[in-house]
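Okay, so here's the structure we're looking at.
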Amino acid sequence: MTAATLVREQHTAPRTEPLSPSGERNIARLIRAVVNLDNDVDVAVPLGVGFDVVVSGGGDGGAAVLADLDRVQLGRSGPLIVDPDLGWHYWLVPPGTAGRWQHEYGVCLGRPHLLTVPPAHRDRPDGQGRPYWARPVGDRLVPPSALRRALHQYQPLPAPHRALTAHLNAPRRAPARARPYTHGAWLPDSPPSLPSYEERR
């Protein structure tokens, strides 16, 4: 499975309510602990509980956005996953952001989607085009207002709206190498997924 794969969650089990942005520090620690549980396995994480995700283009524009957020967040941006294969950036933002987000250069997703994240040790390009942590999970998430402003200023392309819609509506396949995130025990046994990185090659 491509490490930064977005899928739609399909179940009706009770859900845990997202924490407020004031709880970001504890949420970030939780995410970091989960990602570190297995150094070799990608992890399927539900959006809308620990974080939502803003998907934007990469390239020079994405690099400029990252440099701007590094400055805004005092030297190190909140968590960012880079997917070289798709040319997308995945910015981890506070839960609930998706309900208030509209932007020409970024799509924000929360419930009922899942995001499969790379193992914590993959923090640079590996030469195989697999997603990696350009900025790791720490004690903060990416502030939506600063991200919105930077996306507007630097306009990273390609804008993911149409391609992301096609991705989320693609036929589902069984997960290849992901282990489900189990905090709260409300994930399905086998969440639907998109084609794996290996299958797309």
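This table checks each residue for (1) under 14 Å from residue 45 (Cα atoms); (2) out of contact with any strand residue (DSSP E or B) (no Cβ under 8 Å at 6 or more places or on another chain); (3) among the small types (Gly, Ala, Ser); (4) modelled with pLDDT under 95.
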| residue | (1), (2), (3), (4) |
| --- | --- |
| 85 | no, yes, no, yes |
| 89 | no, no, no, no |
| 96 | no, no, yes, yes |
| 106 | no, no, yes, no |
| 114 | yes, no, no, yes |
| 117 | yes, no, no, yes |
| 126 | no, no, no, yes |
| 133 | no, no, no, yes |
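Within the stretch 52-64, how many residues turn out to be over 16 Å from the mean Cα position of the chain (by Cα) and either of a type in the set (S, T, N, Q) or modelled with pLDDT of 95 or more (or both)? Break it down into steps so the answer makes sense when it comes.
Just the residues of the stretch 52-64 that are over 16 Å from the mean Cα position of the chain (by Cα), to begin with: 59-61, 63-64.
Right, trim to either of a type in the set (S, T, N, Q) or modelled with pLDDT of 95 or more (or both) and you get 60-61, 63-64.
Summing the residues that are over 16 Å from the mean Cα position of the chain (by Cα) and either of a type in the set (S, T, N, Q) or modelled with pLDDT of 95 or more (or both) in the stretch 52-64 gives 4.
Pairs under 6 Å by beta carbon, first residue among the basic types (Lys, Arg) in the stretch 118-141, partner open to solvent by less than 20 Å² (accessible area, probe 1.4 Å) and part of a loop (DSSP other than H, G, I, E, B), six or more apart or different chains?
130/3; 135/77; 135/79; 140/78
Would you pick out the residues in the stretch 142-175 that are among the polar types (S, T, N, Q) and at pLDDT 90 or above? Write out each step before concluding.
In the first step, residues of the stretch 142-175 are kept if they are among the polar types (S, T, N, Q); the result is 145, 153, 155, 165, 169.
Listed by number, the residues that qualify are 145, 153, 155.
Kindly indicate whether residue 43 is modelled with pLDDT under 90 and either within 19 Å of residue 100 (Cβ to Cβ) or in contact with a Lys or Arg (Cβ under 9 Å, 6 or more places away or on another chain) (or both).
Values: modelled with pLDDT under 90: yes; either within 19 Å of residue 100 (Cβ to Cβ) or in contact with a Lys or Arg (Cβ under 9 Å, 6 or more places away or on another chain) (or both): yes.
Yes.
Testing residue 67 on (1) of a type in the set (A, V, I, L, M, F, W, C); (2) modelled with pLDDT of 90 or more; (3) in contact with a strand residue (DSSP E or B) (Cβ under 7 Å, 6 or more places away or on another chain), one condition comes back false. Which one is that?
With respect to (1) of a type in the set (A, V, I, L, M, F, W, C); (2) modelled with pLDDT of 90 or more; (3) in contact with a strand residue (DSSP E or B) (Cβ under 7 Å, 6 or more places away or on another chain), residue 67 is out only on (3).
Which numbered condition in (1) open to solvent by 20 Å² or more (accessible area, probe 1.4 Å); (2) outside any strand (DSSP E or B) is the only one that residue 107 fails?
Single failed check for residue 107: (2).
Please give the number of the condition residue 187 fails out of (1) farther than 22 Å from residue 61 by Cα; (2) at pLDDT 95 or above.
Tallying (1) farther than 22 Å from residue 61 by Cα; (2) at pLDDT 95 or above, residue 187 fails exactly one: (2).
Are any of the residues in the stretch 39-48 part of a loop (DSSP other than H, G, I, E, B), out of contact with any strand residue (DSSP E or B) (no Cβ under 8 Å at 6 or more places or on another chain) and charged (D, E, K, R)?
Yes - at least one qualifying residue is present in the stretch 39-48.
I'd like the full set of residues that are in contact with a Lys or Arg (Cβ under 6 Å, 6 or more places away or on another chain) and either among the β-branched types (Val, Ile, Thr) or surrounded by fewer than 19 Cβ atoms within 10 Å (Cβ to Cβ) (or both), limited to the stretch 132-159.
Initially, the stretch 132-159 is screened for residues in contact with a Lys or Arg (Cβ under 6 Å, 6 or more places away or on another chain), giving 132, 137, 139.
Result: 137, 139.
The values are calculated or read from the model by the stated rules, or taken from the named source; none is laboratory data. Remember, it's a predicted structure, so these values are computed and weren't measured experimentally. As a convention, Cβ positions derive from the backbone with ideal geometry for all residues, glycine included, and neighbour counts pool all protein chains shown. For accessibility, only protein heavy atoms count, side chains too; no ligands or nucleic acids. Shrake-Rupley method; radii C 1.70, N 1.55, O 1.52, S 1.80 Å.
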